[in-house]
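To keep things clear, I will list the structure first and then write my remarks on it.
Read the figures in this text as sums done on the coordinates, not as results from a lab. From a predicted model like this one, the values you see are computed outputs, not experimental measurements. Here the Cβ positions follow ideal geometry from the backbone for every residue, glycine too, while neighbour counts run over all protein chains shown.
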Protein chains: 2
Amino acid sequence: MDVYFPHRYVAQADLEEADGIPKGKYEIGLGQERMSFVGDREDVNSIMMTAVSSLLTKFGIAPEQIGRLEVGTETLIDKSKSAKTHLMDLLGGNTNVEGCTSLNACYGGTAALLNSVAWVESSAWDGRYALVVCGDIAVYEKGPARPTGGCGAVAMLIGPDSPLPISAKRYTHAEHAYDFYKPNLESEYAMVDGHLSNMIYLRSLDVTYNGLLEVMGERSSACFDFLLFHSPYNKLVSKAVGRCLYNDFVRSEDEVDKDLAEALAPWKPDLVPPSSTYADRGLDKALKQASAASYKEKCAPGAYLSKQIGNSYTGALYVNLAALLHTQRGGLEGKSAFCFSYGSGAVATTFSIAARAPTASGSAFTCEAIADALDLNARLSQRQAATPEEFATALTLRETTHSLAPYTPSDPLELVSPGAYYIEGIDERHHRTYRQRPH
Amino acid sequence: MDVYFPHRYVAQADLEEADGIPKGKYEIGLGQERMSFVGDREDVNSIMMTAVSSLLTKFGIAPEQIGRLEVGTETLIDKSKSAKTHLMDLLGGNTNVEGCTSLNACYGGTAALLNSVAWVESSAWDGRYALVVCGDIAVYEKGPARPTGGCGAVAMLIGPDSPLPISAKRYTHAEHAYDFYKPNLESEYAMVDGHLSNMIYLRSLDVTYNGLLEVMGERSSACFDFLLFHSPYNKLVSKAVGRCLYNDFVRSEDEVDKDLAEALAPWKPDLVPPSSTYADRGLDKALKQASAASYKEKCAPGAYLSKQIGNSYTGALYVNLAALLHTQRGGLEGKSAFCFSYGSGAVATTFSIAARAPTASGSAFTCEAIADALDLNARLSQRQAATPEEFATALTLRETTHSLAPYTPSDPLELVSPGAYYIEGIDERHHRTYRQRPH
């Protein structure tokens, strides 16, 4: 796998100051440190081109080795044409490539991934790799949701003998809800009912976490070495860790340690129905304390990159997987990670990954090698800090120009990472032309 | 499987008269007879609800038998929320249901279908059915493309022991093209380069038809009893039949019959490069004549429903499969059908279906039973004819209101089929409420 994040970021602490709000509201309140953003030189196609190009180059994958290319995104600049068709330009003359876009809010990346894994297991598999690309440009209008934006794209190669096999056992929860949706088609901004969305995120976690443990025949989160969650912002992720422990407690007090059982005693399910606890501040507080050690041990190792780039929607869970590879490197082999993917609307799936050494000797795809290729620290340190004013200017530029045709982007190329693809121009027929910035 | 088409249609002959164009321009020039359309009471969610509800009822499928529900469409009324989440309301308390929307022009239905087939074959399959729903509301602005619209939705149940198994052998062609796309996000209308789109449709057919024969180890279209194509309008479909014969000729003159070889002699590949023939009127004319018998025998039996309802985009190929079931009934068992799915942008896949009797005795899913359930003649005869003026009024109503919120539809319920779902209202937060018209 490889991850792409844009060249520029804004620090949440700087945003707090610029927005004239109490210090810590974004850094501690949301749990986010920095937020990636793009101006008018990049769109969903270009960030995916950058991720794919980088992955193929780093691992020496030839275009003809790809038999499927699937995209997950909710950053639509066309209601019909898939970003996959733009990515075909990177595969040379190899056109025998299945797949298109999977769409349902932040769930599209997981849908694409699970589809590709099933393809490799199916009778139709032709021996080649599947390539799954997911990512988004998450932007919000001025107001309290704006600091929960972000941008990133993840490219993942799917095939046999994987160092990160996806469990066949998984569990899904889907329901109809208007928690986060995009009916204003001309706008990049979503309509969001934040309280409802957090509630359905946690309800989906309840159902799919308990469901996965049941189909696995396991009894508590103790069976997982790491916990990875879809990450709109880190504060919700730390809540999710607590929620898993709470679910363990609800299923059986005997499965959790004595201190936790004692702390949660006032919320025994026969006293307080679990479905009434999604906004229970007392429980929140108790869980925050009770889950702090679990968060630090099992979740933080996969959380640091999302805190640095913000929400990448369909890419978010896989950004966290990349962070886990980065912090654990070869040490990840033999360890398991619980994965919770959530897309508003809503669809959520849990599965697990049991990291291992590939059986083929000399495989290029060891956890160590992937961590090396990700090279996250170096790449994060090469980013460019922007002021809150530069950030606001970039978002206003997107707001006023993102669907114009013809349009020539005005941002200088220096705002695009070396090696990244960018929009050269958009003609009067909305045809977009892309180029790659030299490394 | 089941198919839904709207209550109203307009006759192409009436449109010709109203548009003041030469008689036969639509009926013969496009090869279309009638066109389905909806006013402001139906949207992509409601037509899919109608198809799903009808399928589950007709075959007595309980909600808990569904483990996956996948949608293919390019009629997006939300850039984030999948129509699948609306369909969850039809599955009662069963929320453990994978899947979301597959998107790439008219290819989304095929992507959803192939994903679901792979899921049933995968280690993650839990023994339940997958439900694939595809369909669109195809509308064009006033002008020459308008009579190529249409509307329909198809729901298909996927599982083992199928009477219509999808071949593991298939072939795909994907390339980046701006032939038909929807960058004007607020509009229901596409941007279309008709000549380019026909050319890429035929080029994709060349690659995937030849590719499929090669992976099957077959040498000509003689190996298929029936030919089913994506059907924007019937004239292109009849061209596609000719193109298959031309490809047989290009590969080997000895594989086609003597008359055909003689008729195509001026277009031997060493005289005229095949890639230069997409707009060759002489070849078109020769192929039309030479393929007339093949069209009548192998393609017409699956073409009649699309001629009656128009283009249903992602549903079109499967509307043709339904028509084939309707005309062949139990006689389809033991016969094979070539299938060509095309979505602009572009992605195309060929595969074959070898119809058979289910091995389970007493299976509800025989070709005969599906044909009975489709009941196409009766349902087509219950439709209501609209005048060209009523059709134009309905499309103007959609044009001016389709994304408004709040909005209360103005069409009377009599314009919706009995048993169909319809929009009751849309509130100021764009929340859509649906109801089912009594049977």
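A few points about this structure:
- Inter-copy separations for residue B:18, label at 7 Å along Cα-Cβ, nm, ascending: 5.4
- If the Kirkwood radius is taken over C-alpha pairs of chain B, then at 4 °C and 1.567 mPa s the Stokes-Einstein diffusion coefficient equals 59 µm²/s.
- Value of Rg to Rh for the protein assembly as shown (Rh from inverse mean 1/r over Cα pairs, i.e. Kirkwood): 0.97
- Here the residues B:335, A:268, A:258, B:182, ranked from fewest to most Cβ neighbours within 10 Å of their Cβ, fall in the order A:258, A:268, B:335, B:182.
- Extension reserve of the residue B:142-residue B:215 stretch, reckoned as 0.36 nm per residue once the Cα distance is removed: 21.9 nm
- Residues in the stretch A:159-196 reached by a label modelled at residue B:428 [backbone nitrogen below 18 Å; 7 Å Cα→Cβ]: A:183-184, A:191-194
- Each Lys and Arg contributes +1 and each Asp and Glu -1, all at the Cβ; summed about the Cα centre of the stretch A:151-310, the dipole is approximately 320 debye.
- Spin-label model distance (nm) - residue A:381 vs residue B:262, 7 Å beyond Cα toward Cβ: 8.0 nm
- Whole-angstrom gap from the stretch A:367-395 to the stretch B:184-231, using each part's C-alpha centre: 43 Å
- Amide H contacts of residue B:345 (H built 1.01 Å from N, in plane; Pro and chain starts excluded): B:177, B:179, B:180 sit under 5 Å, all sequence-distant by 5 or more or on other chains.
- Spin-label model distance (nm) - residue A:279 vs residue A:196, 7 Å beyond Cα toward Cβ: 1.3 nm
- Rg [Å, one decimal], Dmax [Å, integer] - the stretch B:171-360, C-alpha atoms: 16.7, 54
- In a DSSP loop and with at most 13 other Cβ atoms within 10 Å, the trypsin sites (Lys or Arg not before Pro) in the stretch A:138-217 are A:142.
- Ordered from longest to shortest, the equivalent ellipsoid semi-axes for the stretch A:1-130 are 35, 16, 14 Å, each the square root of 5 times a Cα gyration tensor eigenvalue.
- Structure-based [θ]222 nm, the protein assembly as shown - -39500 (n - 2.57) summed over DSSP H runs of at least 4, per residue, nearest 500: -10500 deg cm²/dmol
- Length-normalised contact order for the stretch A:1-156 - Cα pairs under 8 Å, 6+ apart - percent: 31 percent
- In this calculation the C-beta distance from residue A:413 to residue B:361 is compared with R0 = 45 Å, giving a FRET efficiency of 0.05.
- Nearby aspartates and glutamates by direct alpha-carbon distance to residue A:307 (threshold 14 angstrom, same-chain neighbours under 8 apart not counted): A:27, A:33
- Difference of contour (0.36 nm per residue) and Cα-Cα distance, residue B:18 to residue B:270: 86.0 nm
- Subset of B:235/B:258; A:23/A:288; A:79/B:268; A:25/A:288; A:182/A:296; B:288/B:335 violating a 29 Å alpha-carbon distance limit: A:79/B:268; A:182/A:296
- Toward the positive end of the charge dipole of the stretch A:345-439, with +1 on the Cβ of Lys and Arg and -1 on the Cβ of Asp and Glu, the farthest Cα among A:365, A:386, A:376 is that of A:365.
- Per-residue extension of 0.36 nm, minus the Cα-Cα distance of residue B:161 and residue B:335, leaves a gain of 61.0 nm for this segment.
- Cβ-based charge dipole, the stretch A:171-362, positive-most Cα from A:230, A:339, A:320: A:320
- For residue A:438, label point 7 Å along C-beta direction: distances to other copies, nm: 7.6
- For the stretch A:85-212, the spread of Cα coordinates along the three principal axes comes to 48, 39, 24 Å, biggest extent given first.
- Residue order for A:291, B:336, B:410, fewest other beta carbons within 10 angstrom first, comes to B:410, B:336, A:291.
- Sorted from nearest, the other copies put their residue A:57 label points 5.8 nm away, the label point being 7 Å from Cα in the direction of Cβ.
- Cα pair distances exceeding 17 angstrom across the stretch A:1-60, given as percent: 54 percent
- Here residue A:389 and residue A:28 are evaluated by their C-beta separation; at R0 = 25 Å the FRET efficiency comes out at 0.60.
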